[in-house]
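**Student:** Following this message is one structure expressed as structure tokens.
The values are calculated or read from the model by the stated rules, or taken from the named source; none is laboratory data. No experiment lies behind these values; they were computed from the predicted model shown. Here the Cβ positions follow ideal geometry from the backbone for every residue, glycine too, while neighbour counts run over all protein chains shown.
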Amino acid sequence: MKIEKLWLAITLAGKGYATWSAEHGMNECFSTVLCELYLNPGQSQHQLIDHTGYPKQSVNKAIKQLLNKNYLTMTMVAEDKRVKRCTLTPLGRTFAENKLTPLFELEEKTVKQFGTEKMNQLVHLQEQWGQLFWNNLQKEKINK
């Protein structure tokens, strides 16, 4: 397999999510943060940055947009007052559900066409690839 095919396949999948987000009135960072908060409630800002891969400024902008619409609450962690947990409000969960259900349905349709076994393999391999790629990228930065 040529490495170019891998790069194009990964890029094409990413563009699909970016296109879906735009067609549903969101930028990709906002939709990713919304999805993370919906599927994994109670994450800190730092965790959201780590899990989404977006810059701090972009994640914080999405958080502020959600806060301004009363879709999100932030609570300090007792052990470390610098850490705030982000949780969707009931209104925010309804908003997220309405926005994200079409995406989840599209993903389910795609999984059915692709097959569960292939999908499990794809997720496993993509996680491994991503971790190795990021590790090598970090090593490259250190060696410069």
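**Student:** Answer with yes or no whether residue 84 is at negative phi, in a helix (DSSP H, G or I) and basic (Lys, Arg).
**Tutor:** So residue 84 fails the test.
**Student:** For residue 19, are the conditions met, namely being loosely packed, with under 15 Cβ neighbours inside 10 Å, out of contact with any strand residue (DSSP E or B) (no Cβ under 7 Å at 6 or more places or on another chain), under 25 Å from residue 128 (Cα atoms) and polar (S, T, N, Q)?
**Tutor:** Considered against the rule, which asks whether it is loosely packed, with under 15 Cβ neighbours inside 10 Å, out of contact with any strand residue (DSSP E or B) (no Cβ under 7 Å at 6 or more places or on another chain), under 25 Å from residue 128 (Cα atoms) and polar (S, T, N, Q), residue 19 comes out as no.
**Student:** For the structure I just gave you, tell me whether residue 109 is touching a residue at least 12 places away in the same chain (Cβ under 8 Å) and outside any strand (DSSP E or B).
**Tutor:** For residue 109, the condition - touching a residue at least 12 places away in the same chain (Cβ under 8 Å) and outside any strand (DSSP E or B) - is not met.
**Student:** Which members of segment 52-62 meet the condition of being in a helix (DSSP H, G or I) and in contact (Cβ under 8 Å) with a residue 24 or more places away in the chain?
**Tutor:** 58, 59, 61, 62 - these are the residues of segment 52-62 that are in a helix (DSSP H, G or I) and in contact (Cβ under 8 Å) with a residue 24 or more places away in the chain.
**Student:** If you don't mind, there's one more thing I want to ask. Suppose the filter is modelled with pLDDT of 90 or more, of a type outside the set (Ser, Thr, Tyr) and loosely packed, with under 15 Cβ neighbours inside 10 Å; does residue 81 pass it?
**Tutor:** Taking the combined requirement at face value, the residue does not satisfy it.
**Student:** Every residue in segment 1-32 that is under 20 Å from residue 127 (Cβ atoms) and of a type in the set (Gly, Ala, Ser), please.
**Tutor:** Scanning segment 1-32 gives 9, 13, 14, 16.
**Student:** Now a separate question. Please enumerate the residues belonging to segment 24-51 that are assigned to a loop (DSSP other than H, G, I, E, B) and over 14 Å from residue 72 (Cα atoms).
**Tutor:** 24, 25, 26, 27
**Student:** May I pose another question? Anything in segment 109-126 that is surrounded by 10 or more Cβ atoms within 10 Å (Cβ to Cβ) and within 27 Å of residue 23 (Cβ to Cβ)? List them, or say none.
**Tutor:** Listed by number, the residues that qualify are 109, 110, 111, 112, 114, 115, 118, 119, 122, 123, 126.
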